1. Only counting other Cβ atoms within 10 Å, I'd like Leu102, Leu23 sorted with the fewest neighbours first.
2. Which residues make up the longest stretch of the chain that has no GluC sites (Glu not before Pro) in a DSSP loop with at most 14 other Cβ atoms within 10 Å?
3. Would you mind working out the magnitude of the charge dipole of the chain relative to its Cα centre, with +1 at each Lys and Arg C-beta and -1 at each Asp and Glu C-beta, to the nearest 20 Debye?
4. Three principal axis extents, largest first, for the C-alpha atoms of the chain, in Å?
5. Taking the Kirkwood radius as the inverse of the mean 1/r across Cα pairs, report the Rg/Rh of the range 97-193.
6. Please state the Cα pair-distance histogram of the range 1-113 with 5 angstrom bins from zero: what percent is in each bin?
7. Give the residue list of trypsin sites (Lys or Arg not before Pro) in the range 1-85 that are DSSP loop and have at most 13 other beta-carbon atoms within 10 angstrom.
8. As I understand it, the value is the acute angle between the Cα axis of helix 180-197 and the longest principal axis of the Cα atoms of the chain; what does it come to in degrees, rounded to 10?
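Derivation of every value follows stated rules applied to the coordinates shown; laboratory data play no part. A quick note: this is a predicted structure, and the numbers were derived from the prediction, not measured. A quick note on method: Cβ atoms are made from the backbone with ideal geometry, for glycine too, and the neighbour counts reach across all protein chains shown.
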Amino acid sequence: MKIVLATNNDHKIKEINEILSDLKAEILTLKDFPPYRIPEEKGKTFEENALIKAKEAFKHTNIVSIADDSGLEVEALGNSPGIMSARFAGPGCSYKDNNIKLLDLLKDVPDPKRGATFRCVVAIVFSLSDFRIVEGKVNGIISRSEMGERGFGYDPVFHYPPLGKTFAQLKPEEKNQVSHRAIAFKKAQKVLEEFAKGEKV
């Protein structure tokens, strides 16, 4: 079985490959199918954006395609940045820019009100009319400063209470046991394995 990860984000590709390391499939990326332009994410939800990306990849490759749309929802900000997580600090912003803006907005917010949820929605497209959507989420607290050198995105400011560390302080194998992306892609793996049982693979 071949599947295509509908992303060009090297951090995501590495993380997803590690999460799906025991999946019996050849995992390709959009870099294997040039030229390809990631479609504009016009959806209003994580689900809509994940499906837009996965369907477009399927149209281009005619191979089972998977895409995720992930983000951070902060209680004190009315669940923002949400689907705008990657562009929170504006067009062309860096991970660092986003974290600086988030910490600045929350500088006067007390610890009990700094709750946040990481969400990851994965769309698996078998054909344009046959797809599945699964979700993973994990609760945490926004720290008062960036901590840790690992991970990417909001990992340095997302404190995970059960382990007493931010995601950026966790080793990859630790994060890939508990993260929103790990939960979602393990669910996706089960869907893919069920699909494979009905195919000659």
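1. By the 10 Å Cβ count, ascending, the order reads Leu23, Leu102.
2. 41-148
3. Using Cβ point charges on Lys, Arg, Asp and Glu, the chain gives about 100 debye.
4. If we take the Cα atoms of the chain, the spans are 56, 32, 25 Å.
5. The Rg/Rh ratio comes out at 1.06.
6. 2, 10, 18, 19, 18, 13, 9, 6, 3, 1, 0
7. The qualifying sites are Lys24, Arg37, Lys42, Lys44.
8. 10
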